[in-house]
Amino acid sequence: LTLANGMRVFVVEDHDAALINGMALVRTGNLFDPPDRAGLAAMTGQAMRTGGTRTQTAEQMTLLLENMAATMDSGIAESSGAISFSGLEENADALLGAFKEVLTEPEFRQDKVEQARLQVRAAMARANEDAAFVLRREFTNTVYGKDTPYGWPLEYAGVDRITRGDLQSFYKRYYFPKNTMVAVWGDFDAAQMKAKIEALFAGWTAEQAPVADFPKVSGAAAAGTFLVKKSEPTLAQFTMGALGGEMRDRDSAALEVMAEALGGGPASRLGRLANPGGGTKLSASWAASFDHPGLFQISGSVPTFETAKAVRLARAQTAAMRSAEVSDEELKAAKERALDRLVYAFDTKAKAIERLM
């Protein structure tokens with residue numbers, strides 16, 4: 001249903017257990033970060049829950065949830081913000097009230113903003129010590145281009161520049177009813193739950209201009225070879241690839257199956273030719289996104305002295321995939337692996353509802 005304030009709501013009965021679960025999904029994301037404040041969306045998403053609400057400190061909210069044996073989390077990713085909760089159905093009214101407060105009245109208390117900043121900085125420091133993460137980050141930034149939000153790296157100076165006012169402004173711009181979907185599923189009567197949600201959110205009347213489209217991906221990066229020097233004396237990692245497609249592309253399913261056949265596990269072409277016992281691992285993936293091109297990647301983790309050999313192998317198998325059809329056996333196996341993974345994307349009501357939203 002759509003409420004009078006414009007918020008869209010999904011209500012689903014699920015009587016498998018005496019639980020209530022819910023999620024708000026907001027059309028925002030770190031793609032809307034200002035260029036000089038990359039990390040603003042992430043800090044805002046984290047501090048919505050940890051920064052307390054207008055009537056409760058973070059500690060009071062945590063105690064309330066603990067006393068109900070309930071959980072609640074918030075965050076903002078690339079192209080959506082989310083707040084999720086789960087608890088016993090007998091505490092539904094109190095839990096829904098807490099959820100509504102976090103969604104509509106976050107306070108972003110200064111000490112919690114500083115805490116969020118420290119946690120982002122700590123995550124950046126840990127990531128810089130992870131060679132695999134550094135590779136993924138630099139590959140992404142190179143393919144998308146560092147002049148777009150898809151390739152903007154987090155930097156300490158930008159994170160340090162973010163203020164409490166920035167978080168409040170970011171929240172105000174994107175968190176309003178017409179830009180929000182809410183789903184609630186669990187052990188309840190759907191008609192009664194609809195009435196509860198309508199009454200609960202009747203007073204949330206915030207208005208903002210419609211949110212703009214996410215930035216367009218400007219185009220494919222020029223071909224080239226790029227090196228990231230990292231002190232891993234015996235192990236080298238590489239990624240090769242290009243921009244992929246969107247999930248709504250006509251050929252999206254076929255391309256996903258192609259990647260499975262090329263490098264989707266031990267039975268794939270790259271999997272069979274790699275030498276896991278000798279430390280060589282190769283894989284391929286086609287990661288289409290909902291509203292912008294994702295990435296097609298072939299990745300390897302190899303002993304340093306095997307790097308050139310592994311890259312040549314990956315390039316040769318990519319060329320072979322372009323020049324000749326896969327065998328019936330390869331196609332069947334790749335489709336089965338893709339279908340197995342799809343089953344697990346819908347094996348619970350929570351996953352199905354999230355995918356729908």
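Structure notes:
- Ala319-Leu339 FRET efficiency (beta carbon distance; Förster radius 30 Å; 0.05 resolution): 0.65
- Both the radius of gyration and Dmax for segment 207-271 are 18.1, 57 Å, in that order, over alpha-carbon atoms.
- Surrounding net charge for Leu342, when Lys and Arg each add one and Asp and Glu each subtract one, Cβ distance under 14 Å: 0
- Between helix 252-263 and the chain: long-axis angle, C-alpha atoms, 0 to 90°, nearest 10: 50
- Segment 1-82: proportion of alpha-carbon pairs further apart than 21 angstrom, %: 48
- For segment 170-210, the dipole from Cβ point charges (+1 on Lys and Arg, -1 on Asp and Glu) about the Cα centre works out to 240 debye, to the nearest 20.
- Above 20 Å, the calculated P(r) of segment 68-208 contains 61 percent of its Cα-Cα pairs.
- Theoretical FRET efficiency, 1/(1+(r/R0)^6), r = Cβ-Cβ of Asp16 and Phe290, R0 35 Å, to 0.05: 0.75
- Charge context of Gly29, other residues only, Cβ under 11 angstrom, K/R +1, D/E -1: -2
- Value of D in µm² per second that Stokes-Einstein yields for segment 227-309, Kirkwood Rh from Cα pairs, at 20 °C (1.002 mPa s): 156
- Rounded if a/c under 1.5, otherwise prolate or oblate - segment 50-110, Cα gyration tensor axes: oblate
- Normalised contact order of segment 1-81, rounded percent, pairs of Cα under 8 Å and 6 or more residues apart: 35
- Under the Debye formula (equal points on every Cα, no solvent term), log10 I(q)/I(0) of segment 264-335 at q = 0.27 Å⁻¹: -1.28
- Relative contact order (%) - the chain, alpha-carbon pairs under 8 angstrom, separation at least six: 20
- Segment 185-338 - convex hull of alpha carbons, volume per residue in Å³: 247
- The orientation-averaged projection of the convex hull spanning the C-alpha atoms of segment 294-357 amounts to 6.9 square nanometres.
- Full extension of the chain between Leu243 and Asp347 yields a length gain of 34.5 nm, computed as 0.36 nm times the residue separation minus the alpha carbon distance.
- Debye intensity ratio in log₁₀ form over the Cα atoms of the chain, taken at each q of 0.09 Å⁻¹: -0.63
- DSSP beta bridges in the chain [antiparallel fraction, %, rounded to 5]: 85
- Extents of segment 1-45, taken as max minus min of Cα coordinates on every principal axis and listed largest first, are 48, 28, 12 Å.
- When only alpha carbons of segment 204-245 are considered, Rg and Dmax amount to 20.1, 59 Å.
- Extension gain for the segment Leu235 to Ala127, taken as residue separation times 0.36 nm less the Cα-Cα distance, is 37.1 nm to one decimal.
- Relative packing of peptides 214-220, 332-338 - highest average C-beta neighbours within 10 Å first: 332-338, 214-220
- Among residues other than Val159 with Cβ under 10 Å from its Cβ, the summed charge is +2 (Lys and Arg +1, Asp and Glu -1).
- Placing one equal scatterer on every Cα of segment 1-141 and applying the Debye formula, the log10 ratio I(q)/I(0) at q = 0.12, 0.14, 0.21, 0.22 Å⁻¹ is -0.59, -0.78, -1.31, -1.37.
Taken together, the values in this text are just the output of simple stated rules run on the coordinates, not laboratory data. This is a predicted model, so every value here is computed, not measured. We place every Cβ from the backbone using ideal geometry, glycine too, and count neighbours over all the protein chains shown.
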